[in-house]
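J.: What follows is a structure written as structure tokens; I'll ask about it next.
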Amino acid sequence: MSNRVDIEVPEYTQADVIRITSVSAKTLQNWTDPARGILRLSQESVGKGRRRLYSALDIMAVTMIAHLSALGVSPNLVSQLFYERDTKVGDWLTAAAENLDKEYICRIFFDADGLFARLIASPKDNDRFVYDDDWADQRFAFIQVSLTRIASFVAHGINDIRFDETPDDQKSETDKAIRAARDDLFKDRKKAKLP
């Protein structure tokens, strides 16, 4: 996921999204229902009888919503961070996907007024939000999410899909060896019943 255009191009099916994120089909359909307004896809209305396609950015949004939902945050509130507030979490995810070597952290705050987020893109930003006097009298809780890890997770999932779709005679020996080693690692992990 090296450039912005590729990240926003809808080219992945619902099955691909489910495979990468482990979100159920029913949940994904619920989140993408225009009446609910939780997830606004890169692809415009698909029309009757056509397949809905998702962009890599859409998959990152699904991953983040799923992660925060598992922590008890309402998907509707998470959606607000993407679409209804001054916060531009989608832009931050795009920046993280374009630069996986840099750590982008989204700190999501909860207070009496609801939910808001700040991007922590450097240690200086982190110090400012932790030690700034303006925050001293505030009462709130926060969750911190690594946008870089979400972008990397989705990139690896997309690479797996592309690898599986590539004919065997076009796969390099290095790619085959890496995939085999990874598969062996996962088999051992399942045998050991690790999380």
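No value in this document is a laboratory result; all are computed from the given coordinates. Keep in mind that what you see is a predicted model, and the values were worked out from it rather than measured. Here Cβ is always computed from backbone atoms with ideal geometry, including for glycine, and neighbour counts include all displayed protein chains.
J.: Taking a threshold of 30 Å on the Cα-Cα distance, which of the pairs K48/K176; K88/K187; K26/K88; K26/K48 fall above it?
T.: Values: K48/K176 40 Å; K88/K187 39 Å; K26/K88 27 Å; K26/K48 18 Å.
From K48/K176; K88/K187; K26/K88; K26/K48, over 30 Å: K48/K176; K88/K187.
J.: Count the net charge of all other residues whose Cβ sits under 10 Å from the Cβ of G90, scoring Lys and Arg as +1 and Asp and Glu as -1.
T.: Values: positive: R40, K88; negative: E8, D58, D91.
So the environment of G90 carries a net charge of -1.
J.: How far apart, in nanometres, would the label points at S22 and T166 be if each is projected 7 angstrom from Cα along the Cα-to-Cβ direction?
T.: Inter-label distance under the simple model: 2.6 nm.
J.: Okay, next question. List the GluC sites (Glu not before Pro) in segment 11-92 that DSSP assigns to loop (not H, G, I, E or B) and whose Cβ has at most 11 other Cβ atoms within 10 Å. Which are they?
T.: On the way: sites: E11, E44, E84; in loops: E11, E44, E84.
Here the GluC sites (Glu not before Pro) that fit, given the DSSP loop and packing criteria, are E44, E84.
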